Amino acid sequence: IILGAKGDIRQAKDAFAKALQLDPKFSSAALNLARLDVQEGRLDRARERLDAVLLHNENDVSAMLALARLADAENDREQALEWLEKVRAADPTAMGPRLVLIRYYSRVGKLDRAREIAREAETIDSRNPQTLLALGRIELGSKEFSAAVKTFGKAVELSPDARAYYFLGMAQFRTNDADAAEASLKQALKLQPGHLQAASLLVLLDVKAGRI
């Protein structure tokens, strides 16, 4: 690993290959060899190594995640999603793959699917701000504005950053709570003065209130 970090790829690969010869089931060595293959542009060889890891352990989450990244690098979105779903099934506590799946299904309009996984992620870790932001955005997309206000409110409590305040302000705007929306959006701008979306929504509030 140290050799690979220093850029001595050939030496690193030799070391990992020797380790794999001593123990063909040494998945860390195979995974590192696959990572170095990717650095060299040898994607097919990397896939072979990862497939071999899964032959020894079909539930190796690290290998599945690596195959998902590999498929994504080759613009094979369906294959990447398939691997992420397999990780989700194999590891009931893996948050990363679930968050990726939530973002993807939300983006393509499969909000029920996204909501299902978001609720699952919330059960795993109810205090994860990323999960709450993802769930709140699904609720916004589904026009469940009051629910979104509650969800983004929780996100703000856990991680009071500009992004959370902006989405809270957006949800409050959608529920016609102009005063609360203004306060949230101003807080977003205070935390991130260049937040254009928050600034734009504040202008819209001013227009609706007849101040402009």
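The values are calculated or read from the model by the stated rules, or taken from the named source; none is laboratory data. These figures come from a predicted structure and were not determined experimentally. Positions of Cβ are backbone-derived with ideal geometry, glycine not excepted, and every protein chain shown enters the neighbour counts. Accessible surface is based on the protein model in full, side chains and every heavy atom, while ligands, DNA and RNA are left aside. Shrake-Rupley method; radii C 1.70, N 1.55, O 1.52, S 1.80 Å.
Taking the charge dipole of the chain about its Cα centre, with +1 at Lys and Arg Cβ atoms and -1 at Asp and Glu Cβ atoms, the residue from ALA121, LEU50, ALA199 reaching farthest to the positive side is ALA199.
Here the range 43-102 is assigned +1 on the Cβ of each Lys and Arg and -1 on the Cβ of each Asp and Glu. Its dipole about the Cα centre then comes out at about 200 debye.
Percent of alpha carbon pairs in the range 87-167 separated by more than 17 Å? Counting pairs separated by more than 17 Å, the tail of P(r) holds 41 percent. When only Cα pairs below 8 angstrom with a gap of at least 6 residues are kept, the range 72-150 shows a relative contact order of 21 percent. In the chain, the alpha-carbon atoms span a convex hull of 152 Å³ per residue. Note on the chain: GNM, Cα springs under 10 Å; of LEU36, LEU196, LEU65, the largest mean-square fluctuation is that of LEU196.
The packing ranking of peptides 69-79, 135-145, highest mean first, is 135-145, 69-79, where packing means the average number of other beta carbon atoms within 10 angstrom of each residue. Computed over the chain, the per-residue total of -39500 (n - 2.57) for DSSP H runs of n ≥ 4 gives a 222 nm mean residue ellipticity of -25000 deg cm²/dmol, rounded to 500. For the range 23-91, the alpha-carbon coordinates run over 32, 27, 13 Å along the three principal axes, in decreasing order. Accessible area per residue of the chain at 1.4 Å probe, in Å²? Value for the chain: 56 Å² per residue.
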